[in-house]
1. What whole-number volume per residue, in cubic angstrom, does the convex hull of the C-alpha atoms of the protein assembly as shown give?
2. Looking at B:737, B:558, B:256, which one has the Cα that reaches farthest to the positive end of the dipole of the protein assembly as shown (charges on Cβ: Lys, Arg +1; Asp, Glu -1)?
3. For the range C:224-327: lysine pairs with Cα atoms under 21 Å, gap of 8 or more or different chains, count?
4. For the range C:1-53, what relative contact order do you get, as a whole percent, if you take Cα pairs closer than 8 Å and at least 6 residues apart?
5. Enumerate the aspartates and glutamates that residue A:142 could reach by cross-link, defined here as Cα to Cα under 13 Å, with residues fewer than 8 away along the same chain left out.
6. Quick check: pseudo-label points 7 Å beyond the Cα along Cα→Cβ at residue C:56 and residue B:515, how many nm apart are they?
7. For the range C:10-144, restrict the atom set to alpha-carbon positions and state the Rg and Dmax in Å.
8. Mind running the shape call on chain B? Use the C-alpha gyration tensor, a ≥ b ≥ c as the square roots of the eigenvalues: rounded below 1.5 for a/c, prolate if a/b tops b/c, oblate otherwise.
Amino acid sequence: MKTVLSLSVNGTTRDDVIPDNMLLVDYLRENIGLTGTKVGCDGGECGACTVLINDRPRHSCLTLAVTCQGARIETVDGLSRDNRLSALQRGFDEKLGAQCGFCTPGMIMASEALLRANPKPDEAAIRNALAANICRCTGYVKIIEAVQFAAEIANEIADEALAS
Amino acid sequence: MSTSEQDIIPVQSIGVPKPLVDGPEKTTGKAMFAADFQSIEALVGRILRSPHAHANIIRIDTSKAEALPGVKAVVTEADCSDSYGVLPIAMNEWALARGRVRYRGEPVAAVAAINVATAQAALDLIEVTYEELPAYFTAADARADDALDLHQEKPGNIEREVDFDLGDVDQGMAAADLIREVDVRCAEVCQVQMEPHAAYAEYDPGRERLTIRPSTQVPFYVHKMLSRTMGMADSHIRVIKPHIGGGFGSRTETLQSDLIAGLLARKARGTVRVVLSREETFITHRGRPESHIKMKVGMKADGTITATDFSVVQRGGAYSGYGIVTILYAGSMIFGLYDISSVRFKGFRVLTNTPPCGAFRGHGTVKTRFAFEGLIDDMATELGLDPFAVRRANLLVAPTMTENDLLVNSYGLDQCLDWAEAASAWKVRKGKMGPNKGLGMACSHYISGASKPKHWTGEPHATIHLRVDWDASITLLTGAAEIGQGSSTVMAQCVAETLGVDMSRIRVIASDSAVTPKDNGSYSSRVTFMVGNASIDAAQNLKATLVAAAARKLEIAPEDVECLGEVFRGGQQDQGLSFDEVVMEALKGEGTITVKGTYDTIPESWGGKKYRGAAIGGTMAFSYAAQVVEVTVDPYTAEITVDKVWVAHDCGRALNPLAVEGQVQGSVWMGMGQAMSEETQYHEGLLLHANMLDYRVPTIIESPPIEVGIIEANDPHGPFGAKEAGEGSLSSFLPALTNAVADAMGVRATDLPLTPDKLLELLEKKARDIKASGRAA
Amino acid sequence: MEFMPQMQMHQPTSVEDAVSLHGAAPDGRYLAGGSDLLVNIRRGIEQPDSLVYVNNIPEMRAITETSDQITIGGAVTLRELSGNSAVAEHFAAVAQAAGEVAGPSHREYGTVGGNLCLDTRCVFYNQSEWWRAANNYCLKYRGEICHVAPGGKKCFAAFSGDVAPALLLFDAEVEIAGPDGRRRMPLADLYRNDGMDHLTLRPGELLVAIHVAKLTTSISSAPIASAYAKSRIRGSIDFPLAGVAVAMAVAGGKITDLRIALTGVSPLPFLAKGMDDFIGREGDETCLEEIRDKIRTQAKAMKTTTTPPHYRRRVAGALAQKLAASIF
Ligand SMILES: Cc1cc2nc3c(=O)[nH]c(=O)nc-3n(C[C@H](O)[C@H](O)[C@H](O)COP(=O)(O)OP(=O)(O)OC[C@H]3O[C@@H](n4cnc5c(N)ncnc54)[C@H](O)[C@@H]3O)c2cc1C
Ligand code: SF4
Ligand code: FES
Ligand code: FES
């Protein structure tokens, strides 16, 4: 009960033989060593494992890897482009949206999905998009500020990337 | 290097908002937490847990598990050399239960195997024969006359009974114009840091040495307990703290999983990774105990408090842990916030067949504060006083010693009150909020580290090493555990500020026992104060070395050297030397520069001798907080919405205002969870809440905006005047909330968490009472 | 690394293939989003030997609208459902309920079929294998007694899907495909009042689609007003302690049609009885309180959650009252 899984992870296409019962989070963390994605609960309750599948957020702890055949997976490990922090990575750093940093990968990926669909979200939209992600450190105030900041600087960063 | 026109000024690092020095690792996924370490040969460690709440272990047979192909080690208590614990006087836990299990889920055996499936299968093959014993899940049952003792050396299942009677309570009550009592119950709550407990242990069979990466706030304690449990020399163990996904006190003592990882790695003579599930992390517990508080306060008509008489009963769980400290704090920390002198206290810490409690953010103070601040609010209402006025009627004047001999050297509560009152527009809004809306307020405080360490060895409280080599970067070596609270950043700031250099010159290496100086750990908000001071001391020593070198090179006297951080010079006309040039000079003949800084508390801060345990509470400085909470209650469902929180926190000098805000917001919000939705619940000692659906950590939806006012009542002994920022504002949220609900709905909640079912009952009772009194009239 | 039992995965692209693949497996399950099934597998309360993944079946992924009805494919995600404008216009309660399920990330992949076929829930059941073993299991799975009502032989695990009550308001029908072909039945008939076995699906049957006829009020062509609300301790993620869907038509200040459906308070979602009694009534306070009381008595919540049943019964009534008041 093994399958060849062909997919793209952080922009790189790959083929891996995996057992049918393997969770996406285990595939990412254990098989291909992308440990940026975190596990905070026993299934679906905390959001720490959130990754993007075809631009949309999803719990990798409740996803079987074989169902990602042909999909485009993105994790926090691959968000920095050309060795520059992404707007959200900068936002969570500079605005202290990350204290211990354990919820951060999931928070950033859920926020990334939001900003791709809605580049100028208001506070309510940010809250609604992050409502499946638990943070135990920040009380969320600075997480909201981090996403707002990222939305503001996103264009700036895109311009810089073009210029360089 | 031109200095003529625009004069050089040293770089300022203190008082400036700074992102965390390890921020980018966290936002890129590069930060390595314990469960992130892997290697092809790492074995999977799994733990067999007791299904019984209280039972004698008659027999453990691991032979079948050991025979299973792929199983590399099976360990039981037989592999442990000694018990462990956190207080030297109460080490009554074993990494794996010896002879008896005392709560459901207590570790009994553990296996290391080549993969999860094999490890799981091996657990199923371990045979344990138990003889069940009567079990006690409430403090009252455990204290019953005929109850069996959980521990022989703790008769009556009393971990510790404490009391004090200071001032003259009876006379104080007699002098009061109003005396009121309250009976408060607060549920047990759990830290639920986002990272489940984990440890990665590597055993070097050739040298018989262990290297371990545990998810801990106290690497030094883990080190000590590993050597004790494993019967190994301290020097053969290396503890490296990886990134830590929060702690809030759940990791201020050694956990079984840390020890089990070590035991398994040694027995397997290899590498073992133990990663607990969320359920197991809940079972490990170490949260805040369920408490029952009875409190009586006497007050003058002007709000002056004349006497306080209270008792606290805590359900402590199956082992001692920090229990003695928690119950002592529950009493002693009534002092230090207000000018009160006559207080009587009686406390009982009870052992029960539930997971052991520990030290949760705001350790010991939270529930006492909840009882007190709710009671005096009601008394204020009855006396026709404003809640702010009542607090102002009882302010301390620093410097002073409290009745139980706690040193209060700096005190910003008055300013906190002013800020919270103004920011919330209290004066114009209070009482005019409209139906189902209310405002409530309360105050709180916390220590900046215990002045007397638990393990008294005569060493300084904190030690920092600084190392500078030919590359002219400064490496700060600290044993203090960065757990997300920003301690590494604070240390870098203290060093940068003292030297006047840019923080980018400084690299912090934290918590690797082979490299960094010992530190007691991150708990009771000690790090900023003690390690911050040690950092300053080290930086001053480094500065002296550099100034001496600059003087040599410039051929002037050291006292004539002007140190401007990046430039050392003889005066404004002098072009001076760059930092790098000074370093090169300093290395001549000496080689790599290493300097040390230390910090010691002063004896006046050690707490008094007025009663047994009076030293618990002694601290160098208290932080203060006042907050206002605004709520709206849904009259249909009794759901409470917190619309906004305004919180003022006196942290002394705010070394990093950004981090202070983050810490204060996190504390207030954690108080909110405890006040409104979080509680542990058991079914015959089995956790009903061992997941993040039934244990309800607030989501972003119901979490309010929290506006922070930083109050800087600098402490004379604090690093640049700083005190703690990470705990003090937690406990005032709880009473501020119930005070706001009282304002909105006219009912007093005394049972936390105030979930909608409890509030609905209060509202229905009120409606019934009104009806009944209407009928009676 | 999580412990997962061995299983084989099938990923068919047609309903017929799905049904036959399922039929060939001794103990197979349909897998849609997996936001319920995978949790249960990880907890050992489901141990299928094979999974038939239904999200690659185009027929099950579409929402189609005709002049008099809307068809919702069984594998339509909750996000798609809550964001669909036709659904929101005609069946506001359905869109709202779909938007209240779990959290936003769950709704990205959780499906309406999975939501309707959700397993029932109980604090003594939704626990790990170790936990349930330590508690001697229970009637619903592997055990002899019920910890909620220890004397009886009935399981009270609560159906806790949010969408079903909203669909019940509109007499939705479900299209089922099985080894014997396709059939249609009222959604209400999908459920039975038994927490151990609450679905009437026969072995191997697949919920292909939901058909809902557009309802209009008797006097105008406007869609009938409806709304959904759930009680939960937190603002997101939590299952309903009680969920209430209300559809109401009002003409000349009087109720002309009233339907209320409940979830979270018993082993099945159901339409409340006796709502016709309110036809012709004005929506005054007494009427609303009577609605509340009538719902309260039908919400027979048991101790299957950590929140006491007393509150869940009362809040069901309160939500009905609140929603009815908001529609007036
Ligand atoms: C933390 C958390 C919170 C949650 N909160 C809520 C909540 O508030 N409200 C709520 O309603 N749900 C909640 N859920 C449950 C779940 O997310 C949703 O109910 C979701 O809609 C389930 O859909 P799914 O596609 O993921 O179902 P799956 O998990 O794929 O399937 C669920 C069940 O339905 C069966 N099934 C699926 N599709 C079909 C089909 N087409 N035909 C026949 N059988 C089928 C499966 O075999 C399985 O038995 C929550 C889940 C989690 C993890
Ligand atoms: S209601 Fe009773 S039988 Fe049903 S799941 Fe709960 S405990 Fe088990
Ligand atoms: S790990 Fe918690 S939701 Fe996936
Ligand atoms: S930053 Fe620690 S959990 Fe969010």
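1. Per-residue hull volume (Cα only) is 195 Å³.
2. My answer, from the dipole projection, is B:256.
3. 14
4. Numbers: 64 pairs, mean separation 28.0, N = 53.
Taking the mean separation of contacting Cα pairs over the length of the range C:1-53, I get 53 percent.
5. Within reach: A:93, A:94, A:123, B:661, B:707.
6. 4.8
7. 16.9, 56
8. Oblate is the answer for chain B, as a/c is 1.5 or above yet b/c matches or exceeds a/b.
None of the figures in this text is laboratory data; all of them are computed from the coordinates on show. A quick note: this is a predicted structure, and the numbers were derived from the prediction, not measured. Neighbour counts run over all protein chains shown; Cβ positions are idealised from the backbone, glycine included.
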